[in-house]
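Each remark here refers to the structure printed beneath this line.
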Amino acid sequence: MSAFIDLEQVWFSWPSGREVLRGVDLTLQRNDTLALMGSNGSGKTTLGKLIMGLLQPTAGKVCLDGRPVQEYSLAERGRRVGYVFQNPERQFFAASVADEIGFALGFRGFSPAEVEERVAELLAFFELEQYAQAFPFHLSHGEKQRLALAAVMALEPEFIILDEPSTGLDWARKNKLIKALEGIRERGVGYIIISHDHEFCRRLCRSAVTLKGGRLT
Amino acid sequence: MSRFPDTRTLLLIVLCFTTLALALGDPFWLAAVLALALAALAAMGISPARLGRRLKRYRGLFLVLVLAQSLTNSSGRVFLEWRGHVLLSSGGVQAAAAAVLRIAVILAAAMFLSRRNYQELVTALVQLRVPYELAYMVLLGVRFIPVFMEEFRTALTAIQLRGVDLDKVPLGRKIRIYSYILMPAVAGALIRARRVAVAMEARAFRARPRRTWLEWPRLHRRDWLLMAAAVAATAAVLALYWR
Ligand SMILES: Nc1ncnc2c1ncn2[C@@H]1O[C@H](COP(=O)(O)OP(=O)(O)OP(=O)(O)O)[C@@H](O)[C@H]1O
Ligand SMILES: [Mg+2]
């Protein structure tokens, strides 16, 4: 089986000249679960965006399912790999929480009844029912975090990248998220969790890497 | 400690160049003014290469401008014609060149202030007797434009990552999507603006009618000389052009 995500000697510097990644190699199968750790500013978010093709490496190759990630349209990438932004606010655009989750489904040929059912399921799962008609920007941070996850899960991607999903969640919500990700893992969907939360990662990921000095260790 | 040139002097220089950019209509004159502006920038240690990068960002706009100018202006020698419509004429080329150069001069003029921070600009405006609330608001507004653009771009990426192929969506739906995207960009900008306002009030902005200034730079003789030279040069160029 060929790798699903494949990074080969990836280097990245910002136009300002700051070199963030210095030769990163990473190979993941479709059902791998990886924890990506590293101190603040070590380039974890940058690496996540490179995998999604939102940033282009200065040198090296990033492949998704055997093809360079840039060959896929943004929409194709998004359907295959769910990406939860570090700042969940950045990915909201609908006028209500329910719309936010159902948005993409409508564009993918689901009937309104099916969309409604799926949205109701996700709202219930992430305990957001009472906010169904609320404005996403007015939610608390933990609620935004859960909404962002729900919206990405609605797409049923083959792989998920979560940038610090556990920050801002209380203990009970975090456990709930762990249950959700365990369920996803059982369905054969892999993920990368970017996090500082060792306990969270230890429970969810088979392997862990740390980004330090621009390299993975 | 005062810097030379003073921010007010720079503001005047910006004003002179923008006046010239708007008053002159001949591409050769505009090109000369642009060269002068770039030379002055270089003398201040600001690299003209930065103007190139800015111009590149607006190339789409330029293309539209050039097309509009050359299609609507049919004076001079006609180069290209189609069924009696003039597509390209020497007058059109000149008008298009002038339009592009005009924007280049204005962008170059703005670069004179690129080494000054907000505090210095606000101080300069207040020294020119602009009420400081107004000065702050104007500069904050200018500051929010790039933030707003960035927000818009992020939303565009986010929406596509949700599996929406913008290229394949029919026009009617596309417009709906764009209105979707505008929402977070506007909401984000408004929320941020309100946050800034609260943060400023929390730090006692406007709590008292008078305020003190950490720095209150003074104009030196060199500044007055530079200002006089800038105004005289601008007047001379205009006089020659309109002769
Ligand atoms: N748009 C940008 N332009 C220039 N430099 C940037 C930009 N975004 C991030 N950086 C820099 O790149 C480095 C890596 O940032 P990144 O966001 O990937 O870190 P991180 O590991 O995700 O940190 P955190 O744990 O705080 O989320 C930082 O030093 C940051 O200052
Ligand atoms: Mg990060």
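The values are calculated or read from the model by the stated rules, or taken from the named source; none is laboratory data. Please read these numbers as outputs of a predicted model, since none were measured by experiment. Cβ sites come from the backbone with ideal geometry, for glycine too, and all protein chains shown count toward neighbours. The area values use the complete protein model at the heavy-atom level, side chains included, leaving out ligands, DNA and RNA. Shrake-Rupley method; radii C 1.70, N 1.55, O 1.52, S 1.80 Å.
Here the simple spin-label model places points 7 Å from the Cα toward Cβ, and for B:Ala68 and A:Glu19 these points are separated by 4.6 nm.
Please compute the contact order of chain B in relative form: average sequence separation of alpha-carbon pairs under 8 Å and at least six residues apart, divided by the residue count, as a percent.
RCO, chain B: 28 percent.
Cα centroid separation, segment B:44-120 to segment B:154-196: 30 Å. Bridges between two residues of chain A, per DSSP, are antiparallel at a rate of about 50%. Placing +1 on the Cβ of every Lys and Arg and -1 on the Cβ of every Asp and Glu, with no other charges, gives segment B:1-115 a dipole of roughly 460 debye about its Cα centre.
For A:Lys176, the accessible surface of its heavy atoms amounts to roughly 80 Å² (probe 1.4 Å, protein chains only, rounded to the nearest 10).
Rolling a 1.4 Å probe over the protein chains gives B:Thr212 an accessible area of about 120 Å².
Run the accessible area of the protein assembly as shown with a 1.4 Å probe and give the carbon-and-sulfur part as a rounded percent.
On the way: 14430 of 24570 Å².
Here carbon and sulfur together make up 59 percent of the probe-accessible area.
Shape analysis of the protein assembly as shown yields a ratio of the Cα radius of gyration to the Kirkwood radius, Rg/Rh, of 1.05.
Using the crude model of +1 on Lys and Arg Cβ and -1 on Asp and Glu Cβ, and no other charge, please compute the dipole size for the protein assembly as shown relative to its Cα centre, in debye to 20.
On the way: 59 positive and 39 negative charges, 364 e Å.
Value, rounded to 20: 1740 debye.
Each Cα pair under 8 Å and six or more residues apart adds its sequence gap; the mean of these over the residue count of segment A:1-110 is a relative contact order of 27 percent.
For the residues A:Arg22, A:Arg187, B:Arg115, A:Arg80, a 1.4 Å probe over the protein chains yields an accessible-area ranking, largest first, of A:Arg187, B:Arg115, A:Arg22, A:Arg80. Spatially, segment A:16-50 and segment A:99-160 are offset by 28 Å when compared through their Cα centroids.
When the helices in chain A are scored as -39500 (n - 2.57) per DSSP H run of 4 or longer and the sum is shared across all residues, what 222 nm value do you end up with, to the nearest 500 deg cm²/dmol? Can you show the working numbers first?
Values: 7 runs with 76 residues, N = 217.
Per the formula, -10500 deg cm²/dmol.
Ratio of Rg to Rh for segment B:138-243: 1.25 [Cα atoms; Kirkwood radius as inverse mean 1/r over pairs]. Given their separation in residues at 0.36 nm each and the Cα-Cα distance between them, B:Ala199 and B:Arg54 gain 49.0 nm when the chain is fully extended.
Spread over its residues, the convex hull of the C-alpha atoms of chain A is 127 Å³ per residue. On a 29 Å Cα-Cα criterion, which of the cross-link pairs A:Lys179/B:Lys174; A:Lys144/B:Lys56; A:Lys49/B:Lys168; A:Lys44/B:Lys174 come out too long? Where the Cα-Cα span goes over 29 Å, the pairs concerned are A:Lys179/B:Lys174; A:Lys144/B:Lys56; A:Lys44/B:Lys174. Taking 4 °C and 1.567 mPa s as conditions, segment B:1-115 diffuses translationally at an estimated 84 µm²/s according to Stokes-Einstein applied to its Kirkwood radius (Cα pairs). Relative contact order for segment B:117-220: what is it in percent, counting Cα pairs under 8 Å that are at least 6 residues apart? Computed over segment B:117-220, the figure is 29 percent. B:Met149 exposes around 100 Å² of accessible area when a 1.4 Å probe is run over every protein chain in place.
Work out the length of the dipole vector of segment A:102-199 about its Cα centre, built from +1 on the beta-carbon of each Lys and Arg and -1 on the beta-carbon of each Asp and Glu, and round it to the nearest 20 debye. Provide the component values of the computation, followed by the final result.
Numbers: 10 positive and 16 negative charges, 11 e Å.
So the magnitude is around 60 debye.
Under 5 Å between amide hydrogens, built in the peptide plane, is the criterion, and for A:Ala134 it picks out A:Val97, A:Ala98 among residues at least 5 positions away or on other chains. Summarising the strand pairing of the protein assembly as shown, around 55 percent of its internal DSSP beta bridges are antiparallel. Counted residue by residue at 0.36 nm each, then reduced by the alpha carbon distance between them, the extension gain from A:Thr210 to A:Glu121 reaches 28.5 nm.
Using the C-alpha gyration tensor of chain B, what are the square roots of 5 times its eigenvalues, in whole angstrom, with the largest one first?
Numbers: eigenvalues 261, 222, 37 Å².
Taking √(5λ) for each eigenvalue gives 36, 33, 14 Å, largest first.
For the set A:Tyr72, B:Tyr136, solvent exposure ranked by accessible area (probe 1.4 Å, protein chains only) runs largest to smallest as B:Tyr136, A:Tyr72. Of the DSSP H helices in chain B, those that are both long (alpha-carbon extent of 15 Å or more along the helix axis) and hydrophobic (Kyte-Doolittle mean at least -1.0) are B:7-23, B:27-43, B:59-72, B:90-110, B:132-161, B:171-202, B:221-242.
Using a 1.4 Å probe, what is the accessible area per residue for segment A:1-122, in Å²?
Details: 5290 Å² over 122 residues.
Dividing the accessible area of segment A:1-122 by its residue count gives 43 Å².
Proximity of backbone amide H atoms, modeled 1.01 Å from N, is registered between A:Ala35 and A:Ile193, A:Ser207, A:Ala208, A:Val209 at under 5 Å, excluding neighbours fewer than 5 places apart on the same chain.
On the basis of the beta-carbon distance and an R0 of 25 Å, B:Tyr241 and B:Leu139 show a calculated FRET efficiency of 0.15. Pairing chain B with chain A buries about 2200 Å² of accessible area. This figure sums both sides and uses a 1.4 Å probe.
Taking B:Phe112, B:Phe144 and ordering them by how much accessible surface each has at a 1.4 Å probe, largest first, produces B:Phe144, B:Phe112.
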